[in-house]
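Contents: one structure, followed by commentary.
The values are calculated or read from the model by the stated rules, or taken from the named source; none is laboratory data. None of these values were measured; they are calculated from a predicted model. Ideal geometry is used to build each Cβ from the backbone, glycine not excepted, and the neighbour counts take in all protein chains shown. Note: accessible area is taken over every heavy atom of the protein model, side chains too, but ligands, DNA and RNA are not part of it. Shrake-Rupley method; radii C 1.70, N 1.55, O 1.52, S 1.80 Å.
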Amino acid sequence: MTDSPERSFFRPLKVILLLLLALVVYTVALVAWVPAGWVWSQFGSGASLPPGVQVQQVSGSLWQGAARLELMRRPVRLSWSLSWPDVVALRQPLDFTVETRGSQVQGGVMLGWPSSVVMSASGRVHVAEFEDLIRQSGGALLEGDIIIDRLRVAADNGRLQSANGLGRWPGGQVSWPMGDSRQSTNFPPMQATLADTGQGVLLTIAEEGSAEPAADATVGFDGMMGIRVYKRMVDLAGQQWSASAAPGDVIFQVQQPLLPGGRF
């Protein structure tokens, strides 16, 4: 009876597999611990930021970090946290929080290979923080906070695939410009719903619990925005209007480019 030759533990295939495993572990650790500030200093100059947005400071790691931004001359804090990627579905989940002095929105982003993005969010927006911008644009000022119950947007290859959401405002005083002065009145609780139309997105504003719109706004893929206000909005404001007009009649309508240059 002869003894079988003793096999070496470190056979070539095992060595290769161990080296590959070590490389994967090293790569994951590098991504997890590399300073986010260093990454921004190396690649941030080539980033295309929206108008009015400036990055003041970046801290933490690429895996879990934060950035101090300036948005329309307002301080904003953005924090993020990466989760382990789904290597089977080729997706990378990311959680985020955006905070100002009185507003907070939190949610998640799912980045899919090669170019899909799905974002969901909820939170609250303190309207008074943006009073100067609203006044400059001639818009209406709302008392209190707007609550974002849910918002979900999906895009692929730079094209919108779906969009839906629900926001609420608990009611209160609303003021708007009228000539050289401003008028105000109390509104009941209102709700806003967001939906995709195939040609863009539609935002509908109505009294809470009602399916009849008081106003709506459409934004098309061609970059055009349309706004319609119905007599129902005047009725909610307690203002006088022609008695022959029905609540569903459009009393104001405008269409204009949302962004200079047209298409998205």
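Structure notes:
- The amide H of G171, built 1.01 Å from its N in the peptide plane, has M190 as neighbours under 5 Å, considering only residues 5 or more places off or on other chains.
- Of all DSSP bridge pairs formed entirely within the chain, close to 100 percent run antiparallel.
- Degrees, to the nearest 10: 12-33 long Cα axis against longest axis of the chain: 30
- Accessible carbon and sulfur surface of segment 91-203 relative to its total accessible area, %, 1.4 Å: 55
- MRE, 222 nm, helices only [DSSP H, n ≥ 4, -39500 (n - 2.57), over the chain, to nearest 500]: -5000 deg cm²/dmol
- Student exercise, segment 50-157 dipole from Lys, Arg, Asp, Glu Cβ charges, in Debye to nearest 20: 160
- Relative contact order of the chain, taken over Cα pairs closer than 8 Å and 6 or more residues apart, is 7 percent.
- Contact order for segment 118-258, expressed relative to its length and based on alpha carbon pairs under 8 Å spaced 6+ residues apart, stands at 14 percent.
- Only one residue of I146, A121, G158 has its Cα farthest out toward the positive end of the dipole of segment 113-171, where Lys and Arg carry +1 and Asp and Glu -1 on Cβ, and that residue is G158.
- Net +/- balance of residues flanking V254 in space, Cβ distance below 15 Å, scoring K and R +1, D and E -1: 0
- In the context of the full set of protein chains, the chain has a per residue accessible area of 66 Å² (1.4 Å probe).
- Normalised convex hull volume, segment 162-238, alpha-carbon set, Å³ per residue: 102
- Highest to lowest packing among 126-132, 155-161, scored as the average C-beta count within 10 Å: 126-132, 155-161
- Charge dipole of the chain (Cα centre as origin; +1 on each Lys and Arg Cβ, -1 on each Asp and Glu Cβ, all else neutral): 620 debye, rounded to the nearest 20.
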